[in-house]
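Comments concern the structure below.
The values are calculated or read from the model by the stated rules, or taken from the named source; none is laboratory data. The structure displayed is predicted, hence computed values, not measured ones. Note that we place each Cβ from the backbone using ideal geometry, even for glycine, and neighbour counts take in every protein chain shown. Side chains are part of the model used for accessible areas, which takes the heavy atoms of the whole protein and leaves out ligands, DNA and RNA. Shrake-Rupley method; radii C 1.70, N 1.55, O 1.52, S 1.80 Å.
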Amino acid sequence: MSAPATARTRVFIVDDHRLFRAGVRVELDARMEVVGEAGDVEPAIAGIARTEPDVVLLDVHLPGGGGYEVVTALKATHPHIRFLALSASDAPEDVIAVIRAGARGYVTKTISGAELVDAVLRVAEGEAVFSPRLAGFVLDAFAALPAADQERPSFDPELDQLTPREREVLRLIARGFTYKEIARELFISAKTVESHVSSVLRKLQLSTRHQLTQWATERRLS
């Protein structure tokens, strides 16, 4: 019989905020072994493949893409590794994308330290774990999807063109945030925000920020 997951569960942390990773490490260190951490998609994929942890705790928004990309890149070649999303976002497209990619659960960053430890250990043991307010939504969303659809769900074909980071910028634009305020909120530069906005305008074939705000408001992204 294998040792219980509580003995030496090995965890890899993926989040682009170094101080947040440090705080998570403090919470987990007493109960399990943190074998590595990364702040972006490519370093995460390389580090996880190298260390082969039991559980990967990952954010869904990363500078180089989404957490679902990390899961997708590793799931086929490392099926024994389990993924638990830990994010500030509770947006439907973020939750469904990472779960469809193969994550075993999704909890928000409002979770307490003790609850996070419990969630990681439960995922290590094979359970599916969700923040209470997300569990019903996930079940309803999957029940509504066609059984034959094996691709990432597209709640809106236009919205699905956008990366998770572009969607986050779009939501903040719809709320009336300035570029500088968005930069502070997402811990990126104002120039990077402008780049994301330009990309969104191009993909949606829009010309102005006003049109972009109206587009987002119509879809209740704000």
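At the residue level, PHE20 shows approximately 60 square angstrom of accessible surface with a 1.4 angstrom probe and all protein chains present. Once C-alpha pairs closer than 8 Å and six or more residues apart are averaged by separation and normalised to the residue number of the stretch 1-116, the relative contact order reads 23 percent. Rolling a 1.4 Å probe over the protein chains gives GLU69 an accessible area of about 70 Å².
Each residue of the stretch 15-22 was assigned a 3J(HN,Hα) from its phi angle through the Karplus curve 6.51 cos²θ - 1.76 cosθ + 1.60 (θ = phi - 60°); the sequence is 7, 7, 9, 4, 5, 5, 4, 4 Hz, with glycine and proline shown as x. Dipole magnitude for the stretch 164-217: computed about the Cα centre from +1 point charges on Lys and Arg Cβ and -1 point charges on Asp and Glu Cβ, it is near 60 debye.
Top to bottom by accessible area (1.4 Å), largest first, where do ARG82, ARG50 land? Walk me through the intermediate numbers first.
On the way: ARG82 80, ARG50 175 Å².
The residues order as ARG50, ARG82, largest area first.
Summarising the amide proton neighbourhood of TYR106: residues at separation of 5 or more, or on other chains, whose placed amide H is nearer than 5 Å comprise ALA85, VAL129, PHE130, SER131.
Accessible surface of LYS75, taken over heavy atoms with a 1.4 Å probe and every protein chain present, rounds to 60 Å².
Label the stretch 72-131 by shape, choosing from rounded, prolate and oblate, from the square roots a ≥ b ≥ c of the eigenvalues of the Cα gyration tensor; if a/c is under 1.5 it is rounded, and otherwise prolate applies when a/b is larger than b/c, oblate when it is not. Intermediate values should be presented prior to the final figure.
Values: a/c = 2.44, a/b = 1.19, b/c = 2.05.
Oblate is the answer for the stretch 72-131, as a/c is 1.5 or above yet b/c matches or exceeds a/b.
A convex hull fitted to the Cα coordinates of the stretch 1-76 yields 83 cubic angstrom per residue. In this structure, the amide hydrogen of ARG82, modeled 1.01 Å from its nitrogen in the peptide plane, lies closer than 5 angstrom to those of VAL55, VAL56, counting only residues at least 5 positions away or on a different chain.
Evaluating 6.51 cos²θ - 1.76 cosθ + 1.60 at θ = phi - 60° for every residue in the stretch 31-39, the Karplus couplings come out as 10, 8, 9, 8, 9, x, 7, 8, x Hz, glycine and proline recorded as x.
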